[in-house]
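Structure first, commentary second.
The values are calculated or read from the model by the stated rules, or taken from the named source; none is laboratory data. Every value quoted in this text rests on a predicted model; they were computed, and no experiment measured them. Methodologically, a virtual Cβ is constructed for each residue, glycine included, from the backbone with ideal geometry; neighbour enumeration extends over all protein chains shown.
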Amino acid sequence: MKGVFMPRDPSIYDKCHAYDHPERAREEGWYPYFRPIEKAEGSYVIIEGRELLMFGSNNYLGLALDERVKEAAAKAIRDYGTSCSGSRFMNGTLDLHEELEEKLVAFSGKEAALCFTTGYQANLGAISAMVGRGDHVISDKYNHASIMDGIFMAKGFAGDVKFHRYKHNNMEELEARLRGIPAGEPILIVTDGVFSMEGDIVRLPEAKALADKYGAALYLDEAHAIGVLGETGRGTTEHFGNPALADLVMCTFSKSFGSIGGYVAGPARVIDYIKHFARSLMFSASMPPANVASTLASMQIMEEEPWRVQRLQEIARYMIKGFSERGFDIGTTETPIIPLITGTLEKTIALWTALFNKGFYTNPVIPPGVAPNRCLIRTSYMATHKDEELDTFLDVTAREAEKLGLI
Ligand SMILES: Cc1ncc(COP(=O)(O)O)c(C=O)c1O
């Protein structure tokens, strides 16, 4: 029939029709994702007209809702407009981008820094630019999806990229992988600083010692570490007291910085190379003015108000102790990402639903985000949470978990 699309049989759409998990979850009334937030203020959000206490945001320092950060974004829109309408490469570089990159050089202690439109694009672009034909890349099994996608992209462009994984944070296995690589073949080790689902910290001094022993470069994703770890919030390297523990540092602006965007920092020649080979930088519009300006404002506040990092760390210690004392399995977290390990999908959904109904927003993490027997409720904290909000959350969560036989 003319003008009517008649799909082939089998059709490209068959998999979509066969995939009915979300529809079933919606029918059963427990679908937890894509819930629109109608308003956000302090530690609260409004969802479906109801006020919920937010324990599922990565706005660690509370800066995404800070009036000074909002005003900086509004001013940048007035001065530069809402979009750069082009890539950094062409018409999309503002003086503001360069100002931010200069500040990041000072902040990271590296020779150069380069901003991307998101953290995802930073990992995608930087890793796929760095790893080419004949190179080896070694990754922790719990690394973020954007790292994996950067590696897959590298493999897509240069077929014989050699990809290795090691058991989560297992330095013995990392060394075994390194030992197996013939001399003279370049290696990049990639790891998260703080692991995004379980909140544990990479054994960085050992990873760096191994990198040095085998002549590998070390790339550190600090998405959940900057603003969170170290006395001044400079991340995992500061936590371990040595800024030289990573060769290349990547971070997002979507968490502690309360904005959107990401960056990679490292040796000047390497950053210049990435600038000219990262496809996610070259073929995508640059960070919008409002986000550059809000990141700059957040960086200044982080410097002027060290209490935010200190308060966040105090909250993390308090909640880790609180959940442990109440009998929760929270893995080996040392940060304000605290997983409540629930095990099965059914128990996870039951606890998440109970908390949601009682007025608490958390994030259920189920396969493929985690292994099928390691489902969890990911809770996360902000420097702006109040003591009484934390105590109420601890008590209600314990009551609900007890009813489900989880503690
Ligand atoms: C460890 C890690 N790396 C990278 C990213 C990507 O950052 P963005 O949200 O800026 O794309 C995330 C975000 O979830 C993350 O958790």
Whichever residue in segment 52-72 is of a type in the set (Gly, Ala, Ser) and within 16 Å of the ligand (Cβ to nearest atom) and, among such residues, is surrounded by the most Cβ atoms within 10 Å (Cβ to Cβ): ALA64
Identify the single condition in (1) farther than 22 Å from MET130 by Cα; (2) assigned to a loop (DSSP other than H, G, I, E, B); (3) within 16 Å of the ligand (Cβ to nearest atom) that SER294 does not satisfy, given that it satisfies every other one. (2)
Output the number of residues of segment 164-196 satisfying the condition of being surrounded by fewer than 20 Cβ atoms within 10 Å (Cβ to Cβ) and within 14 Å of the ligand (Cβ to nearest atom). 1
Options LYS208, LYS213; residue that is over 25 Å from ILE260 (Cα atoms), basic (Lys, Arg) and in contact with a helix residue (DSSP H, G or I) (Cβ under 7 Å, 6 or more places away or on another chain): LYS208
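Here is a yes/no grid of residues against (1) under 17 Å from the mean Cα position of the chain (by Cα); (2) modelled with pLDDT under 95; (3) within 16 Å of the ligand (Cβ to nearest atom); (4) within 29 Å of LYS75 (Cα to Cα):
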residue: GLY230; (1), (2), (3), (4): no, no, no, no
residue: LYS255; (1), (2), (3), (4): yes, no, yes, yes
residue: MET282; (1), (2), (3), (4): no, no, no, yes
residue: ALA285; (1), (2), (3), (4): no, no, yes, yes
residue: PRO288; (1), (2), (3), (4): no, no, yes, yes
residue: GLN300; (1), (2), (3), (4): no, no, no, yes
residue: GLU314; (1), (2), (3), (4): no, no, no, no
Of all residues making up segment 11-32, the number that are within 26 Å of LYS347 (Cβ to Cβ) and surrounded by fewer than 10 Cβ atoms within 10 Å (Cβ to Cβ): 4
Would you check which residues across segment 347-381 are farther than 30 Å from LYS167 by Cα and surrounded by 20 or more Cβ atoms within 10 Å (Cβ to Cβ) and list them? LEU355, PHE360, TYR361
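For (1) in contact (Cβ under 8 Å) with a residue 24 or more places away in the chain; (2) of a type in the set (S, T, N, Q); (3) touching a His at 6+ places or on another chain (Cβ under 8 Å); (4) not in a helix (DSSP H, G or I), each residue gets a yes or a no:
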| residue | (1), (2), (3), (4) |
| --- | --- |
| GLY241 | no, no, no, yes |
| VAL249 | yes, no, no, yes |
| LYS255 | yes, no, yes, yes |
| GLY258 | yes, no, no, yes |
| SER280 | yes, yes, no, no |
Filter segment 148-188 down to the residues that are among the basic types (Lys, Arg) and within 14 Å of VAL137 (Cα to Cα) and list them by number. LYS155, LYS162, ARG165, ARG177, ARG179
Let me spell it out: the conditions are (1) without any contact (Cβ under 8 Å) to a residue 12 or more places away in the chain; (2) of a type in the set (S, T, N, Q); (3) farther than 19 Å from PHE277 by Cα, and SER108 meets all of them except one. Which number is the exception? (1)
Any idea which of (1) without any contact (Cβ under 8 Å) to a residue 40 or more places away in the chain; (2) closer than 15 Å to TRP30 by Cα is the one PRO364 doesn't satisfy? (1)
Select the strands (runs of 3 or more DSSP E) contained entirely in segment 99-190, then report the ones holding at least 1 residues which are under 16 Å from the mean Cα position of the chain (by Cα) and not hydroxyl-bearing (Ser, Thr, Tyr). 112-116, 136-140
Given the criterion away from the ligand (no atom under 16 Å from the Cβ), of a type in the set (Val, Ile, Thr) and in contact with a Lys or Arg (Cβ under 8 Å, 6 or more places away or on another chain), identify the matching residue among VAL161, VAL131. VAL161
So ARG317 fits all but one of (1) buried (at least 21 other Cβ atoms within 10 Å of the Cβ); (2) of a type outside the set (Val, Ile, Thr); (3) over 30 Å from CYS115 (Cα atoms); what number is the exception? (1)
Residue count, segment 199-228, condition part of a helix (DSSP H, G or I), over 21 Å from the mean Cα position of the chain (by Cα) and free of Cβ contacts under 8 Å to residues at least 40 places away in the same chain, comes to 7
Counting just the residues of segment 111-128 that are farther than 14 Å from THR252 by Cβ and surrounded by fewer than 22 Cβ atoms within 10 Å (Cβ to Cβ), which one comes out farthest from the ligand (Cβ to nearest atom)? GLU111
